[in-house]
Amino acid sequence: MTDLETRPAVDWLALGAVVVTVVSWASAFVAIRGVGESFGAGPLALGRLLIGSSVLGVIVVANHRWANRRWVRPNRTQWLQIVSIGVFWFGIYNVSLNAAEQRVDAGTTSMIIQIGPLLVALFAGLLLGEGFPRWLVIGAGIAFAGAVMVGIVTAVTTTSTTKTDANFLGIVLCLVSAVTYAIGVLSQKPVLRTIPGLQVTWMACTIGAVCTLPYAPALLDDLDAASAGATGGLIYLGVVPTALAFSTWAYALTRMNAGKLGITTYAVPPITITLAWLLLGEIPHYLAVVGGVICLVGVGLSRRR
């Protein structure tokens, strides 16, 4: 039997799920930027999470009733992990990301957020005893240098399409998003061993929505004043980048290697920059793009063995 005959066929469904996920997540940065003038950071997070939780809840019920997917009751430790995912990844992450994009363009934000996978590796070495391999340390240094470059360029540059903040608040908020993303992923890794990903995602999204409920009055005010287009953007954020993309991600994760799947998120920044250019007329400063590329190179090197 030849190598060609033994090579597994392409899993087109899994590949399609990956494409949907990456494009959806990239579009989220653009959509947040587009509706940022109509919704505050907190109200936007609450609206997105409420919609996402509702759609995910319907999918979970459908899977339980028609696909015979059983509900797994979390134990005390798993509840703590799921609450951590909901508070940090869905709650704090979304609020800080929305606030960041009120100050930093979509493309630059997406590049800085990609430091998140590197932070996961660093935290795993520090908290889970996985150590600090040489390439992890090298990659961390390079990524940090890229982030500093992006921060400096963004802080001193003002264009017609990019509102910046000279005190680096926008960059700090991006880093807060990256850190809370990393905390969420570290909390998610152990719980997914025994509880289905879709169930964990719905529970965490619902917890995130509960955490942002204090923004409910502001959300009602923003909805009352928002245009139909802005409201449509909010619905899009809840349905596509949240409910749909997390569902397709969970599906792909059951059919592909997790490490290889994680690498696909590196395609998010270039897609985001392209979409922001086409839909918003936003183009990051070329030096910020260079800094973002340096960040991604550092993240890539940190994954070497």
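Things to note:
- Residue match in the range 127-137 (condition: modelled with pLDDT of 75 or more and crowded, with 18+ Cβ neighbours inside 10 Å): no
- Only one of the listed residues (Val179, Val200) is surrounded by fewer than 21 Cβ atoms within 10 Å (Cβ to Cβ), touching a residue at least 12 places away in the same chain (Cβ under 8 Å), in a helix (DSSP H, G or I) and of a type in the set (A, V, I, L, M). That residue is Val179.
- Cβ pairs under 7 Å, 6+ apart, first in the range 136-162 and at negative phi and assigned to a loop (DSSP other than H, G, I, E, B), second surrounded by fewer than 15 Cβ atoms within 10 Å (Cβ to Cβ) and modelled with pLDDT of 70 or more: Thr161/Gly281
- On inspection, Val210 does not qualify as among the hydrophobic types (A, V, I, L, M, F, W, C), open to solvent by 20 Å² or more (accessible area, probe 1.4 Å), assigned to a helix (DSSP H, G or I) and modelled with pLDDT under 90.
- Selection count, the range 268-295, where residues are under 19 Å from Val23 (Cα atoms), modelled with pLDDT under 80 and either aromatic (Phe, Trp, Tyr) or open to solvent by 40 Å² or more (accessible area, probe 1.4 Å) (or both): 1
- All positions within the range 111-122 that are of a type in the set (A, V, I, L, M, F, W, C) and modelled with pLDDT under 75: Leu118, Val120, Ala121, Leu122
- Tally of residues being outside any helix (DSSP H, G or I) and open to solvent by less than 20 Å² (accessible area, probe 1.4 Å) across the range 37-67: 1
The values are calculated or read from the model by the stated rules, or taken from the named source; none is laboratory data. Just so we're clear, the structure is a prediction, and the values are computed from it rather than from any experiment. With ideal geometry, Cβ positions are generated from the backbone for all residues, glycine too; neighbour counts draw on all protein chains shown. These area figures cover heavy atoms from the full protein model, side chains too; ligands, DNA and RNA do not enter into them. Shrake-Rupley method; radii C 1.70, N 1.55, O 1.52, S 1.80 Å.
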